[in-house]
Amino acid sequence: MNKNNKPKTEESLDNNFPLTIKNYKLIVIGFAIIILGFLLMLGGGSANEHEFSKDVYSFRRITLAPIVVLIGFIFEIYAIMAKTKEK
């Protein structure tokens, strides 16, 4: 059988693309982390526009949420750059 006529397996198809299935799974996890960070930033508005609500400056919105978003972006960079072990 000629080398070009070999049936293509999942492994040989996977080697033709720059990103593997593992990379795509990690990218989805990274997007979920980023979305979680943005969800942590939600809320804190005042019911009356003439009153100030101190909930805007809570630890969750000012510190925790931006750190979670930053971790998500760093995880995305890792997800794109990660190489799989060759067999």
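Just checking, does the range 8-22 include any residue being assigned to a helix (DSSP H, G or I), surrounded by 13 or more Cβ atoms within 10 Å (Cβ to Cβ) and either modelled with pLDDT of 80 or more or in contact with a helix residue (DSSP H, G or I) (Cβ under 6 Å, 6 or more places away or on another chain) (or both)? Scanning the range 8-22 turns up at least one residue that is assigned to a helix (DSSP H, G or I), surrounded by 13 or more Cβ atoms within 10 Å (Cβ to Cβ) and either modelled with pLDDT of 80 or more or in contact with a helix residue (DSSP H, G or I) (Cβ under 6 Å, 6 or more places away or on another chain) (or both). Looking only at the range 46-61, residues that are part of a helix (DSSP H, G or I) and either in contact with a Ser or Thr (Cβ under 9 Å, 6 or more places away or on another chain) or exposed (fewer than 13 other Cβ atoms within 10 Å of the Cβ) (or both) come to 5 in all.
Hey, any hits in the range 30-37 for a residue that's under 10 Å from the mean Cα position of the chain (by Cα) and exposed (fewer than 13 other Cβ atoms within 10 Å of the Cβ)? Yes, there is a match, as at least one residue in the range 30-37 is under 10 Å from the mean Cα position of the chain (by Cα) and exposed (fewer than 13 other Cβ atoms within 10 Å of the Cβ).
Checked against (1) at positive phi; (2) surrounded by 13 or more Cβ atoms within 10 Å (Cβ to Cβ), GLY43 meets all criteria but (2).
Tell me which residues, restricted to the range 40-83, are of a type in the set (Ser, Thr, Tyr) and under 30 Å from LYS25 (Cβ atoms). Of everything in the range 40-83, those that are of a type in the set (Ser, Thr, Tyr) and under 30 Å from LYS25 (Cβ atoms) turn out to be THR63, TYR78. Of everything in the range 63-87, what is of a type in the set (A, V, I, L, M, F, W, C), under 13 Å from ASN23 (Cβ atoms) and in contact with a Phe, Trp or Tyr (Cβ under 9 Å, 6 or more places away or on another chain)? Give them in sequence order. Within the range 63-87, ALA79 is the sole residue that qualifies. In this structure, is ILE80 modelled with pLDDT of 95 or more and either small (Gly, Ala, Ser) or in a helix (DSSP H, G or I) (or both)? Criteria not met by ILE80.
The values are calculated or read from the model by the stated rules, or taken from the named source; none is laboratory data. Being a predicted model, the structure only gives us computed values, none of them experimental. Note that we place each Cβ from the backbone using ideal geometry, even for glycine, and neighbour counts take in every protein chain shown.
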